[in-house]
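Input: a single structure, listed below in structure tokens.
The values are calculated or read from the model by the stated rules, or taken from the named source; none is laboratory data. Remember, it's a predicted structure, so these values are computed and weren't measured experimentally. Here the Cβ positions follow ideal geometry from the backbone for every residue, glycine too, while neighbour counts run over all protein chains shown. Ligands, DNA and RNA are excluded from the accessible area calculation, which covers all protein heavy atoms including side chains. Shrake-Rupley method; radii C 1.70, N 1.55, O 1.52, S 1.80 Å.
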Amino acid sequence: MPRYGAQFGPDITYLGIDRCALDDPASLAGADVVVLGAPFDGGTSHRPGTRFGPQAIRMTDYLAHDGSRPSLALRTDGLRDLRVLDAGDVEMYSGDIETALPALEAAVETVARAGAIPVVLGGDHSIAFADAKGVANVLGHGRVSMIHFDAHADTGDIEFGSLWGHGQPMRRLIESGALRGDRFLQIGLRGYWPPPETLDWMAAQRMRAYEMTEIGHRGLDACLTEAFGIATDECDGVFLSVDIDVCDPGHAPGTGTPEPGGLTARQLLDSVRRICLELPVVGVDVVEVSPPYDHADITAALANRVVLEALSAIARRRRDARDGTMSSPADPGIPSRTPSAADPGIPSRAWDPSLPLLADRPLPGEAR
């Protein structure tokens, strides 16, 4: 399985992390996470362009690509506290989905067998079949649950005369036996697809979908807590699949099938952080970023941060397990500092009503 490199654009790694090669086991030794690119949009039903997603996710960042990103909230550096490597892009010809998906499945399985967590940068959502099945091939069919963020259920049967496409991977995963329908949690669904017969099939598989109206009424945290209990029952690991169109198009315009009324970017990032802090995540993919439709790199920047949130939270989860600590989203990430006799010039984070308002304070060099 020789390393192909970048299929489109410059050959860069995710934020400057070190490279590895899937055909060189020594290069994978000690890896905690391996990033893979899946530059494929052969399963797209509407707007194409996700073949350029991996490159955009890897490079869209205003900071130096130096392989380090300390998290303010979690007080960890996911790129350094973990050994994170980039294996480059899997060769995926968009004109041949039945060849492309097995190639990706083999690559993901190689990473999982090396004891690392695969993080796959898509690509359209058809790649989720290969991603989750590649992990399940190692951990055991039926032993991996799925938490799936998406505007769409992706449980179609035959679309445009084909069994394969970005609207069908979740159905194919369940039919294959790799994942269980009753351990399949979908978050953020909305809009006008799929049709009733597909919803009936989902109900027969005992899938659990949290549509946006339910999330609005119950609250996202309550829905996640319920989903976590299902996902960890009789399963050894959780695969996290994030379709960027789970967010409202105002927060993620660069995607193939935008649907109004979705999550905010903040809700998605907080959810990914919580999942990777609280659950045994064994694989991640981030899909449906289409740079040709992205304005000002809004969508690519969000996808880049989804990956970082996942890595930071996985690193924090492992530190907590090692040190016997417990992180909470309510914990202050930035430590408070208060004035003291030794250091009186450090302001408190708390507002002091005795202090003058900014407008009442003299400018530098101005006497009052």
Could you say which residue among G254, G250, G262, G283 is modelled with pLDDT of 95 or more, touching a Lys or Arg at 6+ places or on another chain (Cβ under 7 Å) and within 17 Å of D150 (Cα to Cα)? G262
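For (1) out of contact with any helix residue (DSSP H, G or I) (no Cβ under 9 Å at 6 or more places or on another chain); (2) farther than 22 Å from H295 by Cα; (3) hydrophobic (A, V, I, L, M, F, W, C); (4) modelled with pLDDT of 95 or more, each residue gets a yes or a no:
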| site | (1), (2), (3), (4) |
| --- | --- |
| P10 | no, no, no, no |
| F40 | no, no, yes, no |
| G53 | no, no, no, yes |
| P102 | no, yes, no, yes |
| A106 | no, yes, yes, yes |
Restricting to segment 230-255, and then to whatever is acidic (D, E) and open to solvent by 10 Å² or more (accessible area, probe 1.4 Å), can you tell me which residue is farthest from R183 (Cα to Cα)? D248
Could you list, ordered by first residue, the pairs with Cβ atoms under 7 Å in which the first is in segment 40-52 and in a loop (DSSP other than H, G, I, E, B) and the second is surrounded by fewer than 18 Cβ atoms within 10 Å (Cβ to Cβ) and among the small types (G, A, S), at least 6 apart or interchain? G42/G95
Can you tell me which residue within segment 256-301, out of those that are in contact with a strand residue (DSSP E or B) (Cβ under 6 Å, 6 or more places away or on another chain) and part of a loop (DSSP other than H, G, I, E, B), is most open to solvent (accessible area, probe 1.4 Å)? P280
Hey, can you tell me all the residues within segment 64-109 that are free of Cβ contacts under 8 Å to residues at least 12 places away in the same chain and either basic (K, R) or farther than 28 Å from D124 by Cβ (or both)? P70
Can you spot a residue in segment 311-324 that is assigned to a loop (DSSP other than H, G, I, E, B), open to solvent by 30 Å² or more (accessible area, probe 1.4 Å) and closer than 23 Å to T232 by Cα? yes
Determine, yes or no, whether D331 is out of contact with any Leu (no Cβ under 8 Å at 6 or more places or on another chain), at pLDDT below 95, in a loop (DSSP other than H, G, I, E, B) and open to solvent by less than 70 Å² (accessible area, probe 1.4 Å). no
Residue in segment 193-247 that is nearest to R266 (Cα to Cα), counting only those that are of a type in the set (A, V, I, L, M, F, W, C) and part of a strand (DSSP E or B): C247
Evaluate the following for A64: is it in a strand (DSSP E or B), of a type outside the set (D, E), at pLDDT 95 or above and within 19 Å of V307 (Cβ to Cβ)? no
Can you pull out the residues in segment 193-220 that are surrounded by 20 or more Cβ atoms within 10 Å (Cβ to Cβ) and closer than 22 Å to A130 by Cβ? P194, M202, M207
